[in-house]
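Chemist: I'd like to ask some things about the structure below.
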Amino acid sequence: MGGGVSRLITLCFVCFQEPPQQILFHIHKYKYEFHVIIVGHCTKVPRNSNLENLRSGYLFPEISRHESEHLRRNPDASLIRLGIGDTTQPIPDTITLAMAEQVRGLSTIQGYRGYGAEQGNMPLRKAIAGKFYQDMGIKANEIFVSDGAQCDISRLQMLLGSNVTVAVQDPSFPAYIDSSVLVGQAGELEEETGKYGNIIYMNCGPENDFFPDLSTIPRTDIIFLCSPNNPTGHAASWQQLKQLVAFAKANGSIIVHDSAYAAYIRDGSPRSIFAIPGAKEVAIEISSFSKFAGFTGVRLGWTVVPEELLYSNGFPVIKDFNRIVCTCFNGASNIAQAGGLACLSTDGYQDLCKVIDYYMENAKILVDGFTSLGWKVYGGKNAPYIWVHFPGMSSWNVFAEILKKTNIVTIPGRGFGPAGEEYIRVSAFGQRQITLEALRRLNSFL
C-alpha cells in the first residue's frame with residue numbers, strides 16, 4: 001500500500017481487538033479512503049479452514065439462485081425445470097398406503113414404535129439383499145439403511161478420514177469432491193485448472209467411452225465411481241467394472257460405487273459392483289430409493305459394506321462404519337422404511353418399473369429432439385440424464401442463454417468438474433407435456 005493514491009474501498013470489520021479510532025488511524029496513514037462497517041460481537045473461535053477451501057456454493061443451490069434471480073427479473077416467465085434431478089411422478093398407491101398405515105399405527109398402543117435399529121429395520125435389509133443382491137453373496141447385516149445416498153457419502157468420508165488419497169470421475173456428482181474438501185483430503189484449489197491439488201481427476205469423456213483410462217491413473221486409497229454416471233448417463237460395462245475391481249485389488253484401494261440410478265439400466269450392464277467377482281474385498285456400494293422410487297422428499301437409501309472388506313491392518317471396515325452410523329445417526333424414519341419395504345413387494349416394484357419407463361421415454365424424446373437439432377448427445381439410454389455437447393462454448397453461458405431465451409433451466413456441465421465444460425445436463429424427470437413443450441422452445445432457440 002502507498003504511492004499517494006487515494007482509493008475508495010469498502011471494508012467490513014467483522015471483529016477487531018482495538019478501538020475503531022486506532023483502525024482508522026492505520027488506514028489514514030496509507031492514504032486510502034475506506035468505508036468502514038463495524039458488525040457485532042465475534043467469538044475467538046476460528047472458522048473451519050476446510051470450509052474456507054470450498055468453492056463459493058454447492059452446485060444445485062447455485063442453480064436455484066439463478067432460477068430465483070431470473071424469476072425476479074421476469075415475474076411472468078413460465079419456467080420449465082430440466083435441471084436438478086428431482087422426480088415429478090406421484091408415488092404409487094401401493095407404497096403410500098403402506099406409509100399411511102405405518103403412520104396410523106403410531107396412534108395405537110399396538111402400532112407405536114419409537115427408536116429403531118440404527119442400521120435399519122431387518123425386514124427391509126433382507127428385502128434389499130434379496131431384490132438387488134441376489135446371488136451376489138451380500139447379507140442383510142452388511143446393508144445399512146439410511147436417509148439417502150448423499151448423507152452416506154459424508155458418513156463414508158468421516159469413516160475414511162483426512163489422510164486418504166482420493167480419485168473421482170471428471171465429470172462427477174459434486175458431493176464426492178465437496179465432501180473430500182470438508183474432511184481435509186482435497187488440498188488447495190488450483191484456480192487455473194479448477195481442480196483441488198490432492199484429488200486425482202479421472203477424465204471420463206467420449207474419447208474413452210466415459211470410463212477412466214486406468215493405465216494413466218496413479219494409485220489412490222479411494223476411488224469414487226458412479227454408474228450409471230451422473231451427469232453423463234453412462235453405465236459402466238461388465239468389462240469396465242472387471243478392470244476397475246482388478247485395478248483396486250492390485251493397488252490395495254477401496255472403490256466407493258454409487259448405484260443410485262441402477263434401476264434405469266436397460267442394456268444389461270451390471271447394476272451393482274458386487275456382480276463382479278472379487279468386488280466384496282475392495283468395494284463399498286451406496287444406493288438410494290430417491291430416483292428409483294420417487295423418494296427424493298421421503299428420504300431413504302442404503303450402503304453395503306461387505307464383511308470381507310478389510311483395512312491394511314486386517315480390521316474389518318464394516319465394524320468402523322457401524323460405529324459411525326451408531327454415533328451419527330438414529331436410523332431412518334420407520335415411516336420411510338415401511339414405504340421402502342412396499343417398494344420391494346411384487347406389486348410395488350412393478351408399479352415403480354412403470355414410472356421408470358415413463359421417465360426413460362422422456363429421455364428418448366429429449367435425445368431424439370437434441371439430435372434432430374444437430375447437437376451431439378450422450379446418455380439417456382441407461383439413465384434419466386442427457387449430456388449435450390456445445391463445442392467451443394462455455395457451459396455456464398449456454399445455461400444462461402437457454403434460461404434467458406427459453407425460460408428452461410438446465411445444469412451447466414462445468415458444475416460437475418472441469419471436464420464438463422462445453423456440456424449441459426438435461427433431466428428427463430418431468431411431465432410428458434412439459435418435456436414436449438421444452439423441446440418446442442429449444443427448437444425455436446437452437
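The values are calculated or read from the model by the stated rules, or taken from the named source; none is laboratory data. This structure is a prediction, so every number in the text was calculated from the model and none was measured. Neighbour counts run over all protein chains shown; Cβ positions are idealised from the backbone, glycine included. Accessible surface areas use protein heavy atoms only, side chains included; no ligands, DNA or RNA. Shrake-Rupley method; radii C 1.70, N 1.55, O 1.52, S 1.80 Å.
Chemist: Kindly report the accessible area of region 277-375 per residue (heavy atoms of protein chains, probe 1.4 Å, no ligands, DNA or RNA), in Å².
Modeler: Per residue, region 277-375 has 40 Å² of solvent-accessible surface.
Chemist: Continuing with this model, one more query. Amide H to amide H, which residues 5 or more places from M202 or on other chains are under 5 Å from it, using H placed in the peptide plane?
Modeler: V168, Q169, D170
Chemist: Quick one: Karplus J couplings for region 393-403, per residue in order, coefficients 6.51, -1.76, 1.60, θ = phi - 60°, nearest Hz, x for Gly and Pro?
Modeler: Rounded to whole hertz, the list is 10, 6, 5, 5, 5, 4, 3, 5, 5, 5, 4.
Chemist: Please tell me the relative contact order of region 103-158 in percent, rounded to the nearest whole number, where contacts are Cα pairs under 8 Å and at least six residues apart.
Modeler: Reported as a whole number, the value is 29 percent.
Chemist: Also: Once you put a point 7 Å from the Cα of E190 and another 7 Å from the Cα of K376, both along the Cβ direction, what distance in nm separates them?
Modeler: With each label placed 7 Å out from Cα toward Cβ, I get 2.5 nm.
Chemist: A further question follows. Farthest toward the dipole's positive end in the chain, which of I386, G339, Q243, given Cβ charges of +1 (Lys, Arg) and -1 (Asp, Glu) about the Cα centre?
Modeler: With unit charges placed on the Cβ atoms, the residue in question is G339.
Chemist: At 0.36 nm per residue, minus the direct Cα-Cα distance, what do K319 and L97 gain on full extension? Give it in nm, one decimal, please.
Modeler: 76.3 nm
Chemist: Sticking with this one: Put +1 on the Cβ of each Lys and Arg and -1 on the Cβ of each Asp and Glu in the chain; which of I177, G83, Y112 then has its Cα farthest toward the positive end of the dipole?
Modeler: Highest projection toward the positive end goes to Y112.
Chemist: Test of understanding: what is the full-extension gain from K404 to E69, defined as 0.36 nm times their sequence separation minus their Cα-Cα distance?
Modeler: Between K404 and E69, full extension yields an extra 119.5 nm.
Chemist: Another question, then. Give me the one-decimal Kirkwood hydrodynamic radius in Å for the chain, with the sum taken over alpha-carbon pairs.
Modeler: Mean inverse Cα-Cα distance, inverted, gives 24.0 Å.
Chemist: Relative contact order of the chain: what whole-number percent is it, with Cα pairs under 8 angstrom and at least 6 residues apart?
Modeler: The value is 20 percent.
Chemist: Between K195 and residues 5 or more places away or on another chain, which pairs have amide H atoms under 5 Å apart, with H built 1.01 Å from N, and which residues are they?
Modeler: E190
Chemist: Another one. For region 89-140, max minus min Cα coordinate along each principal axis, in Å, sorted largest first?
Modeler: In descending order, the Cα extents are 40, 31, 15 Å.
Chemist: Report the gain in length on full extension from D357 to R219: 0.36 nm times residue separation, minus Cα-Cα distance, nm rounded to one decimal.
Modeler: Net length gain for the segment: 45.8 nm.
Chemist: Further question on the same structure: Can you grab the distance from the C-alpha centre of region 215-246 to the C-alpha centre of region 82-124, Å, no decimals?
Modeler: 33 Å
Chemist: Using label points projected 7 Å from each Cα along Cα→Cβ, tell me how many nm separate C326 and S312, to one decimal.
Modeler: Placing both labels 7 Å along Cα→Cβ, they lie 2.7 nm apart.
Chemist: Assigning unit charges at the beta carbon (Lys, Arg +1; Asp, Glu -1) and nothing else, what dipole magnitude in debye, to the nearest 20, does the chain show about its Cα centre?
Modeler: So the magnitude is around 560 debye.
Chemist: Can you return the lysines within cross-link range of K405? Criterion is Cα-Cα under 30 Å, with same-chain partners fewer than 8 residues away left out.
Modeler: By straight Cα distance, K405 reaches K291, K364, K376, K381.
Chemist: Excluding residues fewer than 8 places away in the same chain, name every one of the lysines whose C-alpha is closer than 19 Å to that of K280.
Modeler: Counting by Cα, and skipping residues close in sequence, K280 has these lysines nearby: K126, K131, K139, K242, K249, K319.
Chemist: Now a separate question. Cβ neighbours within 10 Å, averaged per peptide: list 204-217, 172-185, 357-370 in order, most packed at the top.
Modeler: 172-185, 357-370, 204-217
Chemist: Just the Cα atoms of region 205-244: what Rg and Dmax do they give in Å?
Modeler: Calculated on Cα positions, Rg and Dmax stand at 10.3, 26 Å.
Chemist: Based on the mean of other Cβ atoms within 10 Å per residue, sort peptides 218-225, 231-238 so the most packed one is first.
Modeler: 231-238, 218-225
Chemist: Moving on to the next point. How would you classify region 288-356 from its alpha-carbon gyration tensor, with a ≥ b ≥ c the square roots of the eigenvalues: rounded for a/c under 1.5, else prolate if a/b is greater than b/c, otherwise oblate?
Modeler: Prolate shape, in that a/c is at least 1.5 and a/b is the bigger ratio.
Chemist: Scale the Cα Rg of region 93-347 by the rule-of-thumb value 2.2 N^0.38 Å and send over the ratio, two decimals.
Modeler: Here the answer is 1.02, to two decimals.
Chemist: Out of W375, V166, F295, whose Cα points farthest toward the positive end of the dipole of the chain (charges: +1 Lys, Arg; -1 Asp, Glu; placed on Cβ)?
Modeler: Looking along the dipole axis, the top candidate is F295.
Chemist: Could you run the Debye sum over the Cα atoms of region 228-370, one equal point scatterer each and no solvent, and tell me log10 of I(q)/I(0) at q = 0.12, 0.16, 0.17, 0.19 Å⁻¹, two decimals?
Modeler: -0.61, -1.01, -1.10, -1.24
Chemist: Tell me the relative contact order for region 219-285 as a rounded percent, counting alpha carbon contacts under 8 Å between residues six or more apart.
Modeler: Answer for region 219-285 is 39 percent.
Chemist: Skipping prolines and chain starts, which residues have an amide H placed within reach, meaning under 5 Å, of the one on L310, given they are 5 or more residues away or on another chain?
Modeler: V317
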